[in-house]
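The structure appears right after this line, and notes come after that.
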């Protein structure tokens, strides 16, 4: 199983014996060296921070939710239970920007683009 970025899956994270939705943020790799995926958890608790991306109303989620980039984690792909749906490219761009903020990657990207005009 090779989930793709932007897919929303129901997964058993081992928390209080319940499953929860996650957004896959790993790059798509047909032959990953490990059977792990990087994910962002989806929660209904919106704290209005820069570490959260408000998700649009999605038919596969019961209520308004946010992707919490501070919860970035990895999970073995065998723990993915079922695919719920997919996020739009626009929403994924917002999540990537929030991840760049959370991981303080903006300065690295700016530095690379100024020192190498062919970057990106």
Open item on the list: Test of understanding: ordering 79, 47 by Cβ neighbours within 10 Å, fewest first, what list do you get?
Closed with: 47, 79
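Calculate for the chain the 222 nm mean residue ellipticity that helices alone would give, adding -39,500 (n - 2.57) per DSSP H run of length 4 or more and normalising by residue count, nearest 500 deg cm²/dmol. All intermediate terms of the calculation are to be shown ahead of the outcome.
On the way: 2 runs with 24 residues, N = 120.
My calculation for the chain gives -6000 deg cm²/dmol from helical runs alone.
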Open item on the list: Angle check, please: helix 106-115 long axis (alpha carbons) against the longest principal axis of the chain (alpha carbons), in degrees 0 to 90, nearest 10.
Closed with: 30
Task: Separation of alpha-carbon centers, segment 1-77 and segment 80-103, rounded to whole Å - done: 8
Task: Principal-axis tilt of helix 89-102 within the chain, Cα atoms, nearest 10 degrees - done: 70
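Need the full-extension length gain, residue 44 to residue 60, defined as separation in residues times 0.36 nm minus the C-alpha distance. One decimal, nm. Could the numbers behind the result be given before it?
Values: separation 16, 0.36 × 16 = 5.76 nm, distance 1.36 nm.
Length difference between fully extended and current span is 4.4 nm.
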- [ ] Assuming a ≥ b ≥ c are the square roots of the Cα gyration tensor eigenvalues, decide whether segment 7-115 counts as rounded (a/c under 1.5), prolate (otherwise, with a/b larger than b/c) or oblate.
- [x] oblate
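Laboratory data are not the source of any read-out in this text; all were calculated from the coordinates shown. All of these numbers come straight from a predicted model, not from anything done at the bench. Using ideal geometry, Cβ is built from the backbone for each residue, glycine included, and neighbour counts are taken over all protein chains shown.
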